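The values are calculated or read from the model by the stated rules, or taken from the named source; none is laboratory data. Everything quoted here is computed from the prediction, not taken from an experiment. Here the Cβ positions follow ideal geometry from the backbone for every residue, glycine too, while neighbour counts run over all protein chains shown.
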Amino acid sequence: MAHCIVPAAEEILDRMFPVLDKGFVRLVDYLGGDERIVQAARVSYAGGTRTWREDASLIDHLLRNEHTSPFEQVVLTFHVKLPIFVARQWIRHRTARVNEISGRYSVMKDEFYLPRPGDVALQSSDNKQGRAPDAAPESIVVSAIERLDAGQKAAYGDYSVLVEAGLARELARIDLPLSLYTEWYWQIDLHNLFRFITLRLDPHAQLEIRAYAAVILDIARAVAPAATASFENHELRGVSFSAREFEELRRRLDEVSDDGCSLSGKELERFEEKLRSGRQL
């Protein structure tokens, strides 16, 4: 296979893309792009034997039919600075390689995440793991940010005292809060990167990790534009139906009486939402 150089990816190498108040994402390196996917799928062909349109059509066919191995030939390496609570959600994506800064070896920086006032919300009434869509009343917002900030400063102050007293760094760090920023190098193939984006850009994902996923999606577009366009069309903004939902869709298309609906309750609610809006990002 020929070595793949992607001009758009070269332009953003090592560029720092800010995320949240103190975080960032950098593309450190990449291996391959759309051309590599095509090379892997057409092993017997040399590069340049097909047109861009034909290559894009092949990539679309591969992704639509879940032929995933050619996408695994493309690998991206990121340098990410992120709050620990985001990192703990992120690390659930296990098909990747990670090297994170260690609080056992390094003195951690005095850098903590504070949400913007507009992002401070009450607990959702219908989503046990998320926040309400609207910002909380101003009095609650101000109090919450002040308390978060005070707690972070107090925790880091205690940490600094313990470090300066000579306590082992692996012990001094244990009371630092989840809002502390950490850094890591994260390497992942394009197939699994698309899976990460699908889950972490979903409206039900936490707002803070969605901010990182949005930036990573933009970087993926630069590295493999045809593959990313196909992914956005078929997976990220596409909708899949269960067998029961598909039967209901067929019934409606055939204009059968509403009396025949086999869905009820939450099933029907989810189905109607899919028909109204697809996947909203």
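Which pairs turn up if I take residues in segment 92-108 that are within 26 Å of Ala205 (Cβ to Cβ) and look for partners that are acidic (Asp, Glu) and at pLDDT 95 or above with beta carbon separation below 9 Å, at least 6 apart in sequence or on another chain?
Thr95/Asp189; Ala96/Asp189; Glu100/Glu183; Ile101/Glu183
Can we say Tyr181 is at pLDDT 95 or above, in contact with a strand residue (DSSP E or B) (Cβ under 8 Å, 6 or more places away or on another chain) and either of a type outside the set (Phe, Trp, Tyr) or not in a helix (DSSP H, G or I) (or both)? Give the steps one after another, and end with the answer.
Working: at pLDDT 95 or above: yes; in contact with a strand residue (DSSP E or B) (Cβ under 8 Å, 6 or more places away or on another chain): yes; either of a type outside the set (Phe, Trp, Tyr) or not in a helix (DSSP H, G or I) (or both): yes.
The answer is yes for Tyr181.
Just to confirm my filter: which helices (runs of 4 or more DSSP H) fall fully inside segment 2-118 and include at least 1 residues that are surrounded by 14 or more Cβ atoms within 10 Å (Cβ to Cβ), among the β-branched types (Val, Ile, Thr) and within 16 Å of the chain's Cα centre (by Cα)?
Because the criterion is at least 1 residues that are surrounded by 14 or more Cβ atoms within 10 Å (Cβ to Cβ), among the β-branched types (Val, Ile, Thr) and within 16 Å of the chain's Cα centre (by Cα), the helices (runs of 4 or more DSSP H) in segment 2-118 that meet it are 84-90.
Tell me yes or no: at least one residue of segment 147-157 is in a loop (DSSP other than H, G, I, E, B) and without any contact (Cβ under 8 Å) to a residue 60 or more places away in the chain.
no
Looking at Leu190, is it surrounded by 16 or more Cβ atoms within 10 Å (Cβ to Cβ), in the same structural domain as Arg88 (by TED's automatic domain parsing) and not charged (D, E, K, R)?
Considered against the rule, which asks whether it is surrounded by 16 or more Cβ atoms within 10 Å (Cβ to Cβ), in the same structural domain as Arg88 (by TED's automatic domain parsing) and not charged (D, E, K, R), Leu190 comes out as yes.
Within segment 237-251, restricting attention to residues that are surrounded by fewer than 18 Cβ atoms within 10 Å (Cβ to Cβ) and in a helix (DSSP H, G or I), which residue is modelled with the highest pLDDT?
Restricting to residues being surrounded by fewer than 18 Cβ atoms within 10 Å (Cβ to Cβ) and in a helix (DSSP H, G or I), the top hit is Arg244.
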